[in-house]
Amino acid sequence: MYFCTDSQLKVQMKVEQLSFFDDLEMTPALQCPLIGRKVVVTGSFDQSRQVLRSTLMRLGASEVRYDKLQRNTHYLLVGETPDQEVINYWRLYVHDGYNICRIDAEDLRRIQNGDYAPYQTAEEITKQLHLTQEHVYWKAPEITTLKNTRAVSPIHLGSDNTLYNKEIFVDISIIDEMPDIAQGLGCLGAYANIEMADDTDYILIPKSIPQTVCKAVEEYYNNSRATIFNTPFIILEDLLEFLNRRLKEFPDEVLGDYVMR
């Protein structure tokens, strides 16, 4: 007959206990989302600046500022009559893929009451561009006074050949559908490249934005050293119309064959 010593019995019970908990779905408790995060405040609140700063610091914020927004800001706390320039910078950084969480007084109250889940952000601010129609048809006159410049997009293909000597990213999925598109661009003195690079001048994209093009652009930008996303787009349908107009004004046998195809 075998008898366990007290120490052996404790070890066996501990192993069984760990095995029991391993079989359960354990959800880790969330900590306050402001811990170790940088917060920029704009606008007026019921509390004074000093009281509001103390509240945010007690919740764990590593830094509370009342000046301009930066790319490494985690939260923008917006009150009544905020500084419009701060809001514009927030829109600009979000446009560039930076995940700066915008919250208001009600959100802050929820955080104080322990509602943490909706407001979690990563400690390291990284680019996570999600390409949308807002990027393709970017129109933001309110940001023209900011230091960052934004290219007009999509570009206007008028009477002049603005594509001459330009490098244009054309995703392989577009070339698969239209094998002669590179030749058509070549007739305009442009160069079609199936990969994005630092010297890419324009991005060719259909009006109905394909996911393959979105993924290619997002992956390149998010892994590049670029801090702003300002590469202009060319709409494929606009390019085809431009080629037709160009052919009527300047007859070209090679271009004519391409347009016929």
### Set of aspartates and glutamates with alpha-carbon distance to LYS127 below 18 Å, sequence-local pairs under 8 removed
ASP96, ASP198, GLU218, GLU219
### Scattering profile of the chain at q = 0.08, 0.13 Å⁻¹ [log10 I(q)/I(0), Debye over alpha-carbon scatterers]
-0.53, -0.91
### Message
What does the charge count around GLU124 come to, taking other residues whose C-beta lies under 14 Å from its C-beta (Lys +1, Arg +1, Asp -1, Glu -1)?
### Response
+3
### Antiparallel DSSP beta bridges within the chain, as percent of all bridges there, nearest 5
10 percent
### Summary
Cβ-Cβ cut-off under 15 Å around VAL51, Lys and Arg +1, Asp and Glu -1: the net charge is +3
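Can you give the longest stretch of the chain with no exposed loop site, where a site means GluC sites (Glu not before Pro) in a DSSP loop (not H, G, I, E or B) with at most 13 other C-beta atoms within 10 Å?
26-122
Enumerate by residue number the chymotrypsin sites (Phe, Trp or Tyr not before Pro) in region 113-172 meeting two conditions: DSSP loop (anything except H, G, I, E, B), and at most 12 other Cβ atoms within 10 Å of the site's Cβ.
Answer in residue order: TYR137, TYR164.
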### Message
Number of Lys pairs in region 137-249 with C-alpha atoms less than 29 angstrom apart, excluding same-chain neighbours closer than eight positions?
### Response
11
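No value in this document is a laboratory result; all are computed from the given coordinates. Since the model is a prediction, treat every value here as computed from it, not as a measurement. Positions of Cβ are backbone-derived with ideal geometry, glycine not excepted, and every protein chain shown enters the neighbour counts.
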